[in-house]
Structure formats: structure tokens, C-alpha cells
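> Take a look at this one; I'll ask things after.
FYI, it's all coordinate maths here, none of it is from the lab. All values reported here derive from a predicted model rather than from experimental measurement. Neighbour counts are summed over all protein chains in view; Cβ atoms, including those assigned to glycine, are modelled from backbone coordinates with ideal geometry.
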Amino acid sequence: MKGREIREAFKKGDYVFGTCMVSQSTYWPGVLASLGMDLVFIDTEHVPLGREQVSTMCKLYSKHGIAPVVRIPSPDPYQVSMVLDGGASGIIAPYVETVEQVKSLVGAVKYKPLKGERLNGFIYNNVAIEPELEAYADNQNQDNVLIVNIESVPAINNLDEILKVKGLDAVLVGPHDLSCSLGIPEDYHHPKFKEAIQTIIQKGRAHNVGVGIHVWDQIGYDVEMEWAKLGANFIMHSNDLNIFTKALEKEMNNLKAYLGIENSSESKEVTI
């Protein structure tokens with residue numbers, strides 16, 4: 001999918017399917033394309049990927065019709081420009097909590113290359129820009145997608161105002177950080193956590209903004225389906241390391257059991 005198609009799907013409530021990829025193998029884009037993935041989540045917040053590596057990954061996935069969205073290390077407009085210049089179709093900004101942060105990200109994603117005082121006046125103070133310039137920015141950035149991580153209590157408290165910001169396409173829940181902010185670390189079945197997720201889904205869809213939760217084994221794929229039924233239309237499913245680890249663990253355990261070898265290893269969840 002192209003960025004403009006993803007933006008429209010988020011708005012309409014259609015499902016958008018993606019997964020997080022750490023591996024830089026050139027084989028993966030073709031595999032994900034064959035599985036019908038719409039986008040791929042490339043993380044530079046927690047994964048030590050360099051700018052050139054990220055650019056190469058973005059271009060490979062784009063050639064296979066998969067939109068690469070890159071999570072930047074912090075909600076910084078200059079980091080936005082770096083990954084968009086490198087070929088990303090969109091960005092995920094981590095730990096966003098304020099309207100001001102979202103507006104600055106909208107400026108970088110949707111009004112590139114406008115910067116500085118003119119952009120700030122337009123974004124923060126509604127100072128008009130020339131119609132030709134606005135049309136140019138709309139055309140240049142029509143395939144750029146803006147997604148922000150909602151992963152704290154302050155973000156939920158400010159969610160109504162955050163969702164009103166024009167140019168925001170989707171919110172993605174960071175379950176681990178959100179559970180910690182709620183004071184219930186990694187308790188993804190706690191009533192407080194469930195209530196928070198339901199609030200985010202309900203409010204996001206009421207504003208025609210896409211809503212997703214990054215889900216892996218520890219959280220449970222059963223709740224991923226439940227949340228999708230509630231209206232979460234951004235399906236961000238696991239990551240390559242976790243899926244590979246679980247599949248290999250199962251097969252090796254079966255082989256060892258057949259051979260009568262006691263299993264002494266225990267895999268761990270790979271969270272990103």
C-alpha cells in the first residue's frame with residue numbers, strides 16, 4: 001500500500017496489517033509481500049540501526065509494495081526529516097503526550113520542506129501561507145503517514161485534544177510503557193489496562209484516526225482479535241525476532257523430546 005492508501009484506510013476504519021522487522025535481510029520484503037502485509041514497522045528507538053541501513057530497508061520494502069514506517073528515537077522534527085529523506089513512507093513518534101508535540105510532527109511530516117518561523121506560525125498560530133505553497137506541500141507529502149505512540153497516563157489524559165490535531169493519521173499503543181505508566185508493569189490483563197485500551201480505541205475511532213496496539217505473545221493474540229472487534233484497525237502484529245524464537249523453540253523442544261533429551265533452555269519474550 002502507498003501512504004495515501006494507508007491514511008485513507010485509517011480514516012475509514014479499514015484494517016491495516018503490519019509487523020515489526022529487525023532483520024535487514026533482503027529476503028524479507030518479498031516474504032512479507034507474499035503474506036499480504038500493508039506496512040512494516042522499522043524501529044530505531046530500541047534497535048541500533050544506522051541511517052543508511054534504515055534507508056536501504058525502506059527502499060527494499062517500498063519496491064515490494066509495503067509501506068515502511070520508521071519509529072524515530074524521539075518526537076523530533078529533524079529526525080522525521082532524516083527518515084523521510086531516506087525513503088520512509090511514514091514515522092512513528094514515541095512517547096507523545098502533548099498537542100504541541102503532535103503539531104510539530106505534523107509540520108515535519110505533512111508540510112515538508114517548510115521549516116522555521118513560517119512553519120511555526122502556520123502550525124501553532126494559524127498564520128496563513130500562500131495557497132500555492134500549501135497545495136505544493138499537500139502534493140509533496142500525500143504519501144507521508146504520521147503515527148504517534150500513546151503509552152502513558154498523561155497521553156491518555158490529553159487524548160481528546162491530541163486526536164483533534166489535523167494531520168494525525170493513527171495512534172499506536174505501546175503496551176509495555178503504558179502498563180508501567182499505569183503502575184501495573186506488564187499486567188496486560190489488569191482492568192486498568194483494559195479500560196485504557198478501550199478508551200483509546202473508542203476516542204480514536206470517534207475522531208476517524210486509526211488505532212493500533214503492538215501485540216506479541218505475552219499480551220496474547222486472543223486480545224488482539226478482541227481489540228480489533230472493538231474498532232482497533234491498525235493490526236501491528238509481533239516482530240520477527242519473537243516469531244522466529246517461538247517457532248524454533250517449539251520445533252526444537254519437539255525434536256529433543258522425541259530423542260529423549262531433557263530441555264534446559266527457556267526462551268524469553270522479545271519486546272520492542
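> With respect to Ser62, is the statement that it is crowded, with 17+ Cβ neighbours inside 10 Å and under 23 Å from Gly167 (Cβ atoms) true?
So Ser62 fits the description; yes.
Residue-wise test of (1) polar (S, T, N, Q); (2) surrounded by 14 or more Cβ atoms within 10 Å (Cβ to Cβ); (3) within 22 Å of the chain's Cα centre (by Cα); (4) farther than 30 Å from Thr199 by Cβ.
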site	(1), (2), (3), (4)
Val102	no, yes, yes, no
Gly107	no, yes, yes, no
Gly121	no, no, no, yes
Tyr124	no, no, no, no
Glu130	no, no, no, yes
Asn144	yes, yes, yes, no
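> Okay, next question. If a residue must be under 18 Å from Gln142 (Cβ atoms), assigned to a loop (DSSP other than H, G, I, E, B) and out of contact with any helix residue (DSSP H, G or I) (no Cβ under 7 Å at 6 or more places or on another chain), how many such residues does segment 47-97 contain?
0
> Here is a follow-up. Working carefully through the options Pro29, Pro48, find the one that is loosely packed, with under 15 Cβ neighbours inside 10 Å and of a type outside the set (Asp, Glu).
Pro48
> Give the residue, chosen from Ala128, Ala135, Ala108, Ala155, that is in a helix (DSSP H, G or I), small (Gly, Ala, Ser) and without any contact (Cβ under 8 Å) to a residue 24 or more places away in the chain.
That would be Ala135, the only listed residue that is in a helix (DSSP H, G or I), small (Gly, Ala, Ser) and without any contact (Cβ under 8 Å) to a residue 24 or more places away in the chain.
> Need the failing condition index for Val54 against (1) surrounded by 21 or more Cβ atoms within 10 Å (Cβ to Cβ); (2) within 14 Å of the chain's Cα centre (by Cα), just the number.
(2)
> Residue under question is Asp177, and the condition is that it be under 19 Å from the mean Cα position of the chain (by Cα), among the acidic types (Asp, Glu), more than 16 Å from Tyr15 (Cα to Cα) and in a helix (DSSP H, G or I); does it hold?
Spelling it out, Asp177 is indeed under 19 Å from the mean Cα position of the chain (by Cα), among the acidic types (Asp, Glu), more than 16 Å from Tyr15 (Cα to Cα) and in a helix (DSSP H, G or I).
> Would you mind finding the one in Asp76, Asp38 that is surrounded by 15 or more Cβ atoms within 10 Å (Cβ to Cβ), without any contact (Cβ under 8 Å) to a residue 24 or more places away in the chain, of a type outside the set (Gly, Ala, Ser) and out of contact with any Lys or Arg (no Cβ under 9 Å at 6 or more places or on another chain)?
Asp76
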